[in-house]
Amino acid sequence: VITVPADFDQTQIDATKRAGEMSGFGYIELLQEPIAASIAYLNEKKDLEGTWLVFDFGGGTFDAALVSRKEGIMEVVDAKGDNNLGGKNIDEAIVDDIIFPYLLEKYEFSKTLADDVKRNNLRVLLKYYAEECKKELTEKEEASFYVDDPIIDDNGDSIDLEIDITRPEFNKVISKIV
């Protein structure tokens, strides 16, 4: 079984099957990711019945499935996805809505952030740390956004960037995405 995003089109599905065949699989079954997650979960929760929504913010995709189980039979009511929405959008929101304002308030970054190329280069660097912070906030009420790469402000000075981000701050920033 190979899992795929819920919104894969036929070309993407065919390419995934070909990749599986090239890898030596004799038989390939493709399952949409939220459906595979539902099956795995229900395999452990054998007595669970009802209807629920399973959603997944993957790195680059958002997938959702409406699933029902009655009398031990699972039924997929519907599944859909968005290949242009995912965890990367949350990482960018942390950088754009928490980190950039902090840099503007505490340091001299107005020229860097006004320049599209420099802003994007800085965003790319900081997204890795935003993802780590996001993962930490999954289980904690507060996480440290700490960057161990050199960051140079508009004056050419190297800064140490460490910010504590709380879950309420995080939730506020991602609410527009969720």
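The values are calculated or read from the model by the stated rules, or taken from the named source; none is laboratory data. What you see is a predicted model; the values in this text were computed from it and never measured. Every residue, glycine as well, gets a Cβ built from its backbone with ideal geometry; the counts of neighbours run over all protein chains shown. Remember, those area values only see protein heavy atoms, side chains included, never the ligands or the DNA or RNA. Shrake-Rupley method; radii C 1.70, N 1.55, O 1.52, S 1.80 Å.
Taking the numbered list (1) under 20 Å from Phe170 (Cα atoms); (2) open to solvent by 50 Å² or more (accessible area, probe 1.4 Å); (3) of a type in the set (A, V, I, L, M, F, W, C) in turn, Ile90 passes all entries but (2).
Identify the residue in the range 65-78 that is of a type in the set (Gly, Ala, Ser) and open to solvent by less than 20 Å² (accessible area, probe 1.4 Å) and, among all such residues, is farthest from Pro5 (Cα to Cα). Looking at residues that are of a type in the set (Gly, Ala, Ser) and open to solvent by less than 20 Å² (accessible area, probe 1.4 Å), I get Ser68.
Annotation: of all residues in the range 18-62 being among the acidic types (Asp, Glu) and within 20 Å of Lys80 (Cα to Cα), the one that is most open to solvent (accessible area, probe 1.4 Å) is Glu29. For the range 93-137, filtered to residues that are of a type in the set (A, V, I, L, M) and open to solvent by 10 Å² or more (accessible area, probe 1.4 Å), the residue that is nearest to Glu33 (Cα to Cα) is Val124. Residues that are in contact with a strand residue (DSSP E or B) (Cβ under 8 Å, 6 or more places away or on another chain) and among the small types (Gly, Ala, Ser) occur at least once in the range 6-19. Just one of the numbered conditions (1) under 30 Å from Asp47 (Cβ atoms); (2) out of contact with any Gly (no Cβ under 9 Å at 6 or more places or on another chain) is not true of Pro101: (1).
Could you please find all residues in the range 138-156 being touching a residue at least 12 places away in the same chain (Cβ under 8 Å) and either open to solvent by 80 Å² or more (accessible area, probe 1.4 Å) or not aromatic (Phe, Trp, Tyr) (or both)? Within the range 138-156, Lys140, Glu141, Glu142, Ala143, Ser144, Tyr146, Val147, Asp149, Ile151, Asp153, Asp154, Asn155 meet the criteria. Applying a threshold of 9 Å to beta carbon distances and a minimum spacing of six or more residues, or different chains, the list of pairs starting in the range 18-43 at a residue that is closer than 12 Å to Val54 by Cβ and ending at one that is among the polar types (S, T, N, Q) and in a strand (DSSP E or B) reads Gln32/Thr3; Glu33/Thr3; Ile35/Thr3; Ala36/Thr3; Ala37/Thr3.
Given the structure, is Leu30 of a type outside the set (Gly, Ala, Ser), modelled with pLDDT under 90 and more than 20 Å from the chain's Cα centre (by Cα)?
no
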